[in-house]
Amino acid sequence: MRRISSLFQWACILLMAVACTETDGPSPDEPGGEKGYTTGKVTGTDGSPMSGVKVVVDNTMFYASYSIGSSDEKGNYKIQLPKVGTFMASAHILKRYNGKEYEFDLHPDVYEEFSIDGAVRNFQWKLTGKRPTDAQGYYGVTIEVNKALTSGIYDSENIEFTLVPVGNLIDGSKGKTLKMKHGKPYTDDYGKLVDIPLGRYRMTAYYNGEAGKMPLKLRKHFSDDEYDSELTIDFEPETMWGNNIAFISYTE
């Protein structure tokens, strides 16, 4: 009787193990690893699948040697690997916004090389956040802050900038009002407002000095425009790390 009970318990354990194996495996919409291939899924800022996204597998052992694929309607992609090499995968999209075209690098869930055996690399479009390495900066856009020649403000880290979205952001989502100061002296972010979701903004600025809060005037840097209390910010497309940037200057 005890033997029958023990056999019944083992049978239950076996059935549970099989059920877990079937449940935990990759679903048809989320491809698992396949030997000799790079596979994965590409999603948007809201987590939904993105189709037609270019995925590049770069052979790091051979110069200018790479394979290219694109995601399907479910966001999945599959790229066959060469027989020799080590590889890094990346994904990129181009988006038009207010008459300009911007390039974005998508965020990889794993940022490391892989072998000819293949790997799974999933990518997501992010409007903000740190890139895989510090040297690459942020996914958000940058505003470089410059002092006008006539300005007597030298502690610009005490200037607070307010950015109010004008319309939706580049991904179609609704933006938020941002209150920002640039980075502290002797840091990489000094003189820069960083990691801003790409959109169009109305900017105002106040200097918090010893005399209290004082409104500032702004204009686009490198321009002959008059300084004004409010400035509309549009970002210029850049190619280095996919960063997009705007330049402004301030005065009292």
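Observations, loosely collected:
- Neighbour cut-off at most 12 other Cβ (10 Å), DSSP loop, GluC sites (Glu not before Pro), segment 79-130: E112
- Annotation note: chymotrypsin sites (Phe, Trp or Tyr not before Pro) in segment 35-119 located in DSSP loop regions with a Cβ neighbour count of at most 16 within 10 Å are F62, Y63, Y111.
- Residue-wise HN-Hα coupling along segment 35-40, computed from phi with Karplus coefficients 6.51, -1.76, 1.60 (Hz; x: Gly, Pro): 4, x, 9, 9, 10, x
- Cα gyration tensor shape of segment 122-183, rounded if a/c is under 1.5, else prolate or oblate by comparing a/b with b/c: oblate
- Nearest-ten-degree value, helix 2-24 long axis tilted from longest Cα axis of the chain: 40 degrees
- Whole-Hz ³J(HN,Hα) from phi, Karplus 6.51 cos²θ - 1.76 cosθ + 1.60, for segment 225-238, glycine and proline x: 5, 6, 5, 9, 6, 9, 9, 8, 9, 10, 9, 8, x, 10
- Accessible area expressed per residue, the chain, with surrounding protein chains retained (probe 1.4 Å, Å²): 60 Å²
- On the chain, 53 percent of the accessible area sits on carbon and sulfur atoms, based on a 1.4 Å probe.
- Full-extension gain in nm, E238 to F222, via 0.36 nm per residue minus C-alpha separation: 4.1 nm
- Applying both filters, DSSP loop and at most 12 other Cβ atoms within 10 Å, to the trypsin sites (Lys or Arg not before Pro) of segment 197-252 eliminates every site.
- 10 Å beta-carbon shell around G44, net charge (K/R +1, D/E -1): -1
- Shown here: Cα extents along the principal axes in Å, derived from the displayed model; of the candidates (1) 46, 40, 32; (2) 49, 45, 29; (3) 92, 51, 35, it corresponds to (3).
- Length available on full extension from Y206 to T162: 0.36 nm per residue minus the Cα-Cα distance, which gives 15.0 nm.
The values are calculated or read from the model by the stated rules, or taken from the named source; none is laboratory data. Here the structure is a predicted model, which means the values were calculated and not measured. Please note: Cβ atoms are built from the backbone with ideal geometry, for glycine as well, and neighbour counts cover all protein chains shown. Heavy atoms of the whole protein, side chains included, go into the accessibility calculation; ligands, DNA and RNA do not. Shrake-Rupley method; radii C 1.70, N 1.55, O 1.52, S 1.80 Å.
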